[in-house]
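Taking it in order: structure first as structure tokens, then the write-up.
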Amino acid sequence: MFDRLRGHLGDGQFRGAMAGWAGSAGTEPTVSLFVDGPNVLRREFDIDLNEVRERAAEAGRLVCTRLYLDEHASPGLIQAGEARGFEVVVTSGDVDVKLAVDATAFVADGVDVLAIASRDTDFKPVLEFAATRATRTLAIAPGTHGRSDALRNAAHDAATLGE
């Protein structure tokens with residue numbers, strides 16, 4: 001929806017419309033961003049982590065930005081994530097499970113917008129759960145050929161990087 005809304009409004013109008021959508025306390029909505037590193041940070045997508053943050057920040061004030069990586073992540077990748085303001089979570093287990101549990105906890109704590117950057121349909125239940133708790137959802141795809149229609153359709157809003 002963000003892409004469609006931006007297409008119909010100028011940049012200033014778009015930002016004004018997003019600012020007009022108040023969070024639970026009548027202020028700018030709070031946004032928690034969760035990035036599925038193994039599925040998004042792939043050579044074929046050439047993702048800029050700054051763009052991921054910017055797309056999520058269009059929905060409100062970022063209160064959490066987490067990048068999930070597996071134990072095979074290089075020290076350079078971990079450092080790059082931290083340098084761009086992400087809290088890097090390295091797990092020896094399944095990245096998807098840790099991300100899903102953490103995202104669900106933020107929804108339960110009352111975040112206004114849940115943004116998930118992934119192409120993995122495993123996160124569809126998390127987006128659906130968030131919707132039942134009156135949390136707006138944003139699915140961020142790593143590119144047109146990396147977009148999951150299931151995630152896009154489950155989320156209230158969707159963004160595709162590079163567009």
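Return the total of residues in segment 112-127 being crowded, with 20+ Cβ neighbours inside 10 Å and touching a residue at least 40 places away in the same chain (Cβ under 8 Å). Residues in segment 112-127 being crowded, with 20+ Cβ neighbours inside 10 Å and touching a residue at least 40 places away in the same chain (Cβ under 8 Å): 9 in total.
Taking the criterion of being part of a loop (DSSP other than H, G, I, E, B), more than 18 Å from Arg147 (Cα to Cα) and not charged (D, E, K, R), the residues of segment 24-55 that qualify are Ser24, Ala25, Gly26, Thr27, Pro29.
Only one entry in Asp94, Asp109 is without any contact (Cβ under 8 Å) to a residue 40 or more places away in the chain and under 15 Å from Asn39 (Cα atoms), namely Asp94.
Going through Leu33, Leu67, Leu41, Leu99 one at a time, which residue ends up being crowded, with 19+ Cβ neighbours inside 10 Å and at pLDDT below 95? Break it down stepwise before answering.
Numbers: Leu33 fails: at pLDDT below 95; Leu67 fails: at pLDDT below 95; Leu99 fails: at pLDDT below 95.
After applying the criteria, what remains is Leu41.
Screening Arg55 against (1) surrounded by 14 or more Cβ atoms within 10 Å (Cβ to Cβ); (2) over 14 Å from the mean Cα position of the chain (by Cα) leaves a single unmet condition, (2). Of the residues making up segment 42-53, not one is without any contact (Cβ under 8 Å) to a residue 40 or more places away in the chain, out of contact with any strand residue (DSSP E or B) (no Cβ under 8 Å at 6 or more places or on another chain) and among the aliphatic types (A, V, I, L, M). Scoring Thr104 on the criteria (1) under 17 Å from Val40 (Cβ atoms); (2) in contact with a helix residue (DSSP H, G or I) (Cβ under 9 Å, 6 or more places away or on another chain); (3) among the polar types (S, T, N, Q) leaves a single failure, condition (1). Only residues that are assigned to a loop (DSSP other than H, G, I, E, B), at pLDDT 90 or above and buried (at least 21 other Cβ atoms within 10 Å of the Cβ) were counted in segment 139-160, giving 1. Within the option set Phe106, Phe129, Phe123, being more than 14 Å from the chain's Cα centre (by Cα) and not in a loop (DSSP other than H, G, I, E, B) holds for one residue only, Phe129.
Filtering Ile116, Ile78 for residues that are among the β-branched types (Val, Ile, Thr) and in a helix (DSSP H, G or I) leaves a single hit, Ile78.
The values are calculated or read from the model by the stated rules, or taken from the named source; none is laboratory data. For clarity, every value in this text was computed on a predicted model and none was experimentally measured. Glycine also receives a Cβ, built like all others from the backbone with ideal geometry; neighbour counts cover every protein chain displayed.
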